[in-house]
1. Ranked by accessible surface with a 1.4 Å probe, highest first, in what order do His195, His86, His130 come?
2. Quick one: Debye curve from the alpha-carbon atoms of the stretch 130-212 only, equal weights, vacuum; give me log10 I(q)/I(0) at q = 0.13, 0.18, 0.24, 0.25 Å⁻¹ to two decimals.
Amino acid sequence: CGRPIEKIYQTFDPVALHDACGVYYKPLNMLIWNVRSFGSSDYDTWLCYHMITKEWSTRLYASSRISTYLDSLERSKLWIGAVDGHILTGDVGFSDNGQSIVIDAISRGICLKYIGKDTPDLDQLYCFRHVEVYYDASGSTDPMTVSIAVDSPNNTFTVVGTIIPSTSTRTRFNIPQSAAYGRLMFVRFTGTTTHPLVIRGYKVEGLPLGRF
């Protein structure tokens, strides 16, 4: 039943109220906040406001379910949409439960284009010669491996070198001729680290060989 907000408000942890988040649940015409009562270490109560009757009420909620949305520091978890339609939760910080974060990222396919042309030419065969990577200096000595593959990210990747993002912000690699011929270039970054790593961009250089 509806009650005055003052009496309800006094039962909640004021520190937790500062970080409380809420949603509008249209089927019930309610605004609902996740809040924490005094003496509780978790968010265990819903504070509800009915938009039609203008009344306040509370509902007990199993705090274990809130862990789906908040991490151990009571921050909202990072939600990521996967290509298979699932929704995944990410972590916040520089480690994964105390372990080094495993990085494995592959770029989109990179196609070269002639100077003066606005669009890449996928009909051309190219000899890729160099790849240049730009990143932020983080003081980390954890190596990050850079490798390349041509035409498909499912093809075999060839290692071209490593990045040590301690102080520098740019590294240029030569591409072995045995792995240099194709129409698209994919750049892959792999490694483990407990430091932040920001890749600002990458550039691929090469020569057109003609249409085959």
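1. Details: His195 75, His86 115, His130 45 Å².
Reading off the accessible areas and sorting them downward yields His86, His195, His130.
2. Scattering profile of the stretch 130-212, log10 relative to I(0): -0.43, -0.75, -1.17, -1.23.
The values are calculated or read from the model by the stated rules, or taken from the named source; none is laboratory data. Note that the structure is predicted; figures quoted are calculated from it, not measured. Protein only, heavy atoms only, side chains kept; ligands, DNA and RNA dropped before computing areas. Shrake-Rupley method; radii C 1.70, N 1.55, O 1.52, S 1.80 Å.
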